[in-house]
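Structure record follows, encoded as structure tokens.
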Amino acid sequence: MNDGDFRLLRLALEEAKKCIPTSTAFCVGCVISDPVTLKVLATGYSRELPGNTHAEECALKKLSESSSATLKGLHMYTTMEPCSERLSGNKPCTDRILEADGLIGRVILGVQEPDDFVKCVGAKKLRENGLVVIHNDDAELEKECLEVAKRGH
């Protein structure tokens, strides 16, 4: 991770802090940025939009509504590994990222998803499909991402 990655991951953490805590889900934040300018193109946090939405889902939806340009290879900063399974029956965030057809090229994770609810294989699935996945290497930031994620548990 470089300084820009660290700054944008911290911004995603600020998004996660906006979540209303619940005992049955994590509080996650997400930022999507342009890899060249580092300009923030969209943000999201868990349960921000109606329908039991996840952070990545919210950011992708807001990006699609705000941009008519053909974007490719953007960077996604998320405080927790994108889900690969949802008990609610909603589409997993990993599938949403892959179905965006090259929109996201690199995913930077604050922390891996704990096995509290499901066994997540999101990072593995993204890598297997050609995306670059970077795990945060700052122990303090990882701890903070997990603490915010588990608020309400």
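Quick one: Debye curve from the alpha-carbon atoms of the chain only, equal weights, vacuum; give me log10 I(q)/I(0) at q = 0.08 Å⁻¹ to two decimals. After summing over all Cα pairs, the log10 values are -0.18. P(r) tail, the range 1-58: Cα-Cα pairs separated by more than 17 Å, 36% of all pairs.
List the trypsin sites (Lys or Arg not before Pro) in the range 93-153 that DSSP assigns to loop (not H, G, I, E or B) and whose Cβ has at most 12 other Cβ atoms within 10 Å. Which are they?
Values: sites: Arg96, Arg106, Lys119, Lys124, Lys125, Arg127, Lys143, Lys150, Arg151; in loops: Lys119, Lys150, Arg151.
Hits after loop and neighbour filter: Lys119.
Using the alpha-carbon centroid of each, what span in Å lies between the range 44-96 and the range 5-26? So the separation of the two Cα centres works out to 13 Å.
Of the DSSP beta bridges with both residues in the range 3-149, give the percent that are antiparallel, rounding to the nearest 5.
Values: 9 of 18 bridges.
If I count the DSSP bridges inside the range 3-149, around 50 percent turn out antiparallel.
Computed from phi, the 3J(HN,Hα) profile of the range 100-114 under the Karplus parametrisation 6.51, -1.76, 1.60 (θ = phi - 60°) reads 6, 6, x, 4, 9, x, 8, 10, 10, 9, x, 7, 5, 5, x Hz, with x in place of Gly and Pro.
Compute the length gained on full extension between Glu140 and Lys124: take 0.36 nm times their separation in residues and subtract their Cα-Cα distance, giving the result in nm to one decimal.
Working: separation 16, 0.36 × 16 = 5.76 nm, distance 2.36 nm.
Fully extending the segment from Glu140 to Lys124 adds 3.4 nm.
Report the calculated FRET efficiency for Ser64 and Thr24 (r = Cβ-Cβ distance, R0 = 30 Å), to the nearest 0.05.
Values: r = 27 Å, r/R0 = 0.91.
Approximately 0.65, to the nearest 0.05.
As a proxy for reagent exposure, ranking Thr37, Thr94 by other Cβ atoms within 10 Å from fewest up yields Thr37, Thr94.
Every read-out reported here was derived from the displayed coordinates using simple, explicitly stated rules and does not represent laboratory data. Quantities reported herein were computed from a predicted structural model and do not represent experimental measurements. Cβ: placed from backbone, ideal geometry, glycine included. Neighbour counts: every protein chain shown.
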